[in-house]
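One structure below.
Just so it is clear, none of the values below were taken in a lab; they were calculated from the coordinates. Quantities reported herein were computed from a predicted structural model and do not represent experimental measurements. Methodologically, a virtual Cβ is constructed for each residue, glycine included, from the backbone with ideal geometry; neighbour enumeration extends over all protein chains shown.
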Amino acid sequence: MNKKIEPVAEAKAEKVKFNPLDFVQESKDELSKVVWPSRQQLISESVAVVLMVVLSASLIYLADKLFVWMAGKVFL
């Protein structure tokens, strides 16, 4: 069974040299396509993330205290 080499496989086989200037230019082009959030959106979403982290940490802390209390009742 002879398999034909696809053009994609041939392109992968060729070594492409890395050009830092091309990389920087392509990075700038891609970053210009990004839709950046407004200041208000950034602040409101950051506050939401901080609140969720505080809520999650509080729930973990309370669950830990509950299990410590239960273990104290069972094993002591």
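Give the residue list of chymotrypsin sites (Phe, Trp or Tyr not before Pro) in region 10-76 that are DSSP loop and have at most 13 other beta-carbon atoms within 10 angstrom. Walk me through the numbers before you get to the answer.
On the way: sites: F18, F23, Y61, F67, W69, F75; in loops: F18.
Hits after loop and neighbour filter: F18.
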Sparse-neighbourhood loop hits (trypsin sites (Lys or Arg not before Pro), region 33-76; DSSP loop; Cβ within 10 Å at most 12 others) -> K33
Applying the gyration tensor rule to the Cα atoms of region 10-75 (axes a ≥ b ≥ c; rounded if a/c under 1.5, else prolate if a/b exceeds b/c, else oblate), the class is oblate
